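Let me begin by presenting the structure, written as structure tokens, before commenting on it.
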Amino acid sequence: METVVETKAVIIYPESDGKPMGETDLHITLLTYLREALLDHFRDDPQVYVAGNLFIYYEEGNPAAVVAPDVFVVRGAPQGNRRIYKLWEEGKGPDVVFELTSRSTRLDDLGTKRVLYAMLGVTEYYIFDPFGDYLEPRLWAYRLGTGEGLAEYVRVLDEVIHSEILGLDLFVEGDLLRLRDARSGEKLLTPLEAQAARRTAEAETARLRAELERLKS
């Protein structure tokens with residue numbers, strides 16, 4: 001009598017869609033700033049995960065159920081490098097999502113993705129239009145409503161948007177979407193600003209050491 005061994009099909013969840021990524025310089029600058037500033041801001045909290053352009057799979061067994069936010073933040077997920085993000089393994093989805101939009105992506109950002117993020121329980125959804133292609137004002141903010149039935153977003157119309165989850169204020173400054181610590185009022189620095197601040201601090205330290213050596217002599 002032959003023994004029949006059932007084998008479970010291996011489901012592959014790709015890390016990319018194989019298509020070349022095309023972004024403007026400004027979109028890359030903004031994505032880098034948001035991701036790096038948030039990583040630095042939450043560096044001492046091991047249960048805050050920050051990522052950008054990472055595939056989120058939200059339905060086990062269905063690799064087509066995937067979305068890749070420009071930047072997202074998850075509270076309650078451990079820090080660490082991931083190749084993809086599977087909701088059923090992580091136990092929860094993003095709390096905050098940022099999308100850097102344009103005229104070519106507006107239907108997804110304001111339509112399909114907005115519905116999907118609400119379904120996934122993303123509490124705060126921010127859409128920023130760097131070039132002002134179609135949004136006025138350029139920053140639109142949504143918070144998930146708490147009413148009965150299907151979860152839906154409610155638009156926040158404040159000029160300076162406060163993120164309760166991040167503890168940060170969001171505002172537009174020139175071409176940039178800036179982040180600011182709501183308690184201290186200090187801006188989260190761009191990579192170039194952070195480099196300049198380090199150079200200034202190093203120069204001041206060197207000056208003080210030289211002055212101390214002069215006083216000793």
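The values are calculated or read from the model by the stated rules, or taken from the named source; none is laboratory data. Note that this is a predicted model, so its numbers are computed, not measured. Cβ atoms come from the backbone with ideal geometry, glycine included; neighbour counts cover every protein chain shown.
Here the condition is being in contact (Cβ under 8 Å) with a residue 24 or more places away in the chain, acidic (D, E) and farther than 19 Å from V74 by Cα; of D175, D158, it holds for D175 alone.
Listed by position, the strands (runs of 3 or more DSSP E) contained in the stretch 133-190 that have at least 3 residues being closer than 23 Å to R43 by Cβ and touching a Lys or Arg at 6+ places or on another chain (Cβ under 8 Å) are 168-173, 176-181. Would you confirm whether any residue within the stretch 129-140 is in the same structural domain as L110 (by TED's automatic domain parsing), closer than 18 Å to R114 by Cα, in contact with a Phe, Trp or Tyr (Cβ under 7 Å, 6 or more places away or on another chain) and in contact (Cβ under 8 Å) with a residue 12 or more places away in the chain? Yes, because at least one residue in the stretch 129-140 is in the same structural domain as L110 (by TED's automatic domain parsing), closer than 18 Å to R114 by Cα, in contact with a Phe, Trp or Tyr (Cβ under 7 Å, 6 or more places away or on another chain) and in contact (Cβ under 8 Å) with a residue 12 or more places away in the chain. Taking the listed residues I161, I165, I127, the one that is among the β-branched types (V, I, T) and within 17 Å of L26 (Cα to Cα) is I127, with no other qualifying.
Look at the stretch 36-53: where a residue is farther than 13 Å from P69 by Cβ and of a type in the set (G, A, S) and a partner is surrounded by 11 or more Cβ atoms within 10 Å (Cβ to Cβ) and modelled with pLDDT of 95 or more, sitting 6+ places away or on another chain with Cβ atoms under 8 Å, you get A37/L179; A37/L188.
From the list G174, G167, G185, the one residue that fits, being within 19 Å of W140 (Cα to Cα) and surrounded by fewer than 10 Cβ atoms within 10 Å (Cβ to Cβ), is G174. Considering the conditions (1) closer than 25 Å to I161 by Cα; (2) in contact (Cβ under 8 Å) with a residue 24 or more places away in the chain; (3) of a type in the set (A, V, I, L, M, F, W, C), V115 is excluded by exactly one of them, (2).
In the condition set (1) more than 19 Å from the chain's Cα centre (by Cα); (2) assigned by TED's automatic domain parsing to the domain that holds E164; (3) in contact (Cβ under 8 Å) with a residue 12 or more places away in the chain, A64 is compliant with all but (3).
So, of the residues in the stretch 122-132 that are touching a strand residue (DSSP E or B) at 6+ places or on another chain (Cβ under 7 Å) and assigned to a loop (DSSP other than H, G, I, E, B), which turns out to be surrounded by the most Cβ atoms within 10 Å (Cβ to Cβ)? Walk me through it before giving the result.
Let us first name the residues in the stretch 122-132 that are touching a strand residue (DSSP E or B) at 6+ places or on another chain (Cβ under 7 Å), namely 122-128, 130.
Narrowing the set further to residues that are assigned to a loop (DSSP other than H, G, I, E, B) leaves 122-123, 130.
Details: V122: 25, T123: 20, P130: 20.
Across the stretch 122-132, the extreme among qualifying residues is V122.
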